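Undergrad: Pasting a structure below so you can have a look.
The values are calculated or read from the model by the stated rules, or taken from the named source; none is laboratory data. For clarity, every value in this text was computed on a predicted model and none was experimentally measured. Counting neighbours? That spans all protein chains shown, and the Cβs are built from the backbone with ideal geometry, glycine included.
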Amino acid sequence: MSVRHAVLGLLHQRARHGYELHAALTSLGGGEVWDVKAAQIYATLDRLAESGLVREQPGTQSGGPQRRPFELTDAGLTELRSWFSMPVKTGYQRDEFFLKLMLAITSGVQDPYSVLRTQRTSLYRDLHELMTHRQEASARAALAQQLQLEQAVMHVEADLRWLELIEGRLDDMAKQTTVEPAPKPRGRPRKNPQSPDGE
Amino acid sequence: MALITATQLVKTYAEGATAVRALAGVSLTLNEGDFVAVMGPSGCGKSTLLHLLGGLDRPDAGTVKLGSDELTTLDDEGLTLVRRRRIGFVFQSFNLVPVMSAIENVALPLTLDGVSASVAEGKAKVWLERLGLGDRVNHLPDQLSGGQQQRVAIARALVTEPVLLLADEPTGNLDSKSADDIARLLRSLSDEHRRTVLMVTHDPRIAASARRLVFLKDGVIVDDQNLSASLDTSSKVRSQLEALS
Ligand SMILES: Nc1ncnc2c1ncn2[C@@H]1O[C@H](COP(=O)(O)OP(=O)(O)O)[C@@H](O)[C@H]1O
Ligand SMILES: [Mg+2]
């Protein structure tokens, strides 16, 4: 899963501190799915800033990356758009696609239906390739090979069924999804034992 | 080269007091040799589209051009001839005549069109053999499996040498093995015989055997993609295939 792009997507919504990003990312995944350490986010922010994809919001005091608000640059938005336009190609890894979908819903950079369609096309291309191979090979292939091919086919079918399920619920998801903690007032945050920056 | 071009098709059905808009402006071009699958939720207009492309029904608005003929301007007789001679239909329920043998069923579109029985059955036999039913020509439909019956129905659809084959859920009543066989058969029709094939299906594997995939939703096309862009195949699937070959 791409913490980099998650950070870009969340910063597109609005400028955020590192600790806000951590809380927002956790809530994007429903609180349990993505286990991302706060330190990982701060390191990501630094690397993104080095590559010019984010920058510190002008006119803020410097401090640790937990406290400094970052914002997206034009180059960052370009990178984010290109990520949205690509299907997820990490085999049957579903997390990154789900992250992409949630960020599409919350950031407004990309229509979530188009993210879904891009992924669906990619899965159907995989399935087309597998079926072509299967149709050509099945007569002479050893049983072990046929069964392995069948397994690959079934994986793609399962992912397609899951996409179909999501498509039917996408509007509801968009209604339910919030990635806050609600925006904190500007300025020095108050000491608060409940705040998620206590790591 | 474009074989059939549908432009801005609209079709509304009266449903009691209300009207159901089955197609709300669909444009689609099929090229010679295309093999296209149409998918989409139940009720989204797939069968309606197929009926309009095949001249089984007329649109409220929009046009269908097959070769140089504008189907929407033909009279009923003209449309009947187009259906009979230039388009083959295959449906989910095989629609074979139960008291006729396989070869008589396949020959039927020709005999109905005035071709002599011996010539018609000669052509029917060729298609039955091509589809692997050479040893079943004299069987009655109820002596054949579902997959075999559907192959007879496909032979019947092809015996007039149509330029376009339209199939509505052709594997909907078949077990998965027979469904695979039918999918492979439709693909070979397009690969080896340059037929243009459009099929409606719910089944992802059947759809994925096509080279182009069109998605309908609420009476409009929401996606239309080429599937054989093999560069796009994910590295995981590619390496699996390499490992197996
Ligand atoms: N002959 C008809 N009379 C009334 N409504 C129809 C008729 N045919 C189709 N419909 C309606 O039009 C819509 C599209 O139907 P159809 O093209 O059969 O969808 P699909 O094949 O995608 O399931 C549906 O709402 C269906 O109920
Ligand atoms: Mg239908």
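Undergrad: Residues in the range B:51-58: is at least one within 14 Å of another protein chain (Cβ to nearest Cβ) and within 13 Å of ligand 2 (Cβ to nearest atom)?
TA: No: zero hits.
Undergrad: Picking from B:Ser209, B:Ser228, which residue would you name as being modelled with pLDDT under 90, within 8 Å of another protein chain (Cβ to nearest Cβ), under 15 Å from A:Arg125 (Cα atoms) and in contact with a His (Cβ under 8 Å, 6 or more places away or on another chain)?
TA: Of B:Ser209, B:Ser228, the one residue that is modelled with pLDDT under 90, within 8 Å of another protein chain (Cβ to nearest Cβ), under 15 Å from A:Arg125 (Cα atoms) and in contact with a His (Cβ under 8 Å, 6 or more places away or on another chain) is B:Ser228.
Undergrad: Ok, one more. Using the structure shown, decide if B:Gly40 is under 23 Å from B:Ala183 (Cβ atoms), within 16 Å of ligand 2 (Cβ to nearest atom) and touching a residue at least 60 places away in the same chain (Cβ under 8 Å).
TA: Working: under 23 Å from B:Ala183 (Cβ atoms): yes; within 16 Å of ligand 2 (Cβ to nearest atom): yes; touching a residue at least 60 places away in the same chain (Cβ under 8 Å): yes.
Answer is yes for this residue.
Undergrad: Could you say whether any residue in the range B:94-104 is touching a Pro at 6+ places or on another chain (Cβ under 7 Å), at pLDDT 95 or above and more than 16 Å from ligand 2 (Cβ to nearest atom)?
TA: Checked the range B:94-104: at least one residue is touching a Pro at 6+ places or on another chain (Cβ under 7 Å), at pLDDT 95 or above and more than 16 Å from ligand 2 (Cβ to nearest atom).
Undergrad: Any residue at all in the range B:20-36 that is free of Cβ contacts under 8 Å to residues at least 24 places away in the same chain and within 8 Å of ligand 1 (Cβ to nearest atom)?
TA: Yes: the range B:20-36 contains one or more residues that are free of Cβ contacts under 8 Å to residues at least 24 places away in the same chain and within 8 Å of ligand 1 (Cβ to nearest atom).
Undergrad: Answer yes if at least one residue in the range B:175-197 is within 13 Å of chain A (Cβ to nearest Cβ), β-branched (Val, Ile, Thr) and within 16 Å of ligand 1 (Cβ to nearest atom), and no otherwise.
TA: Taking every residue of the range B:175-197 in turn, none turns out to be within 13 Å of chain A (Cβ to nearest Cβ), β-branched (Val, Ile, Thr) and within 16 Å of ligand 1 (Cβ to nearest atom).
Undergrad: What do you reckon, is A:Glu150 at the interface with chain B (Cβ under 10 Å from one of its Cβ atoms), free of Cβ contacts under 8 Å to residues at least 40 places away in the same chain, surrounded by fewer than 18 Cβ atoms within 10 Å (Cβ to Cβ) and within 20 Å of B:Ser209 (Cβ to Cβ)?
TA: When the stated conditions are applied, A:Glu150 does not pass them.
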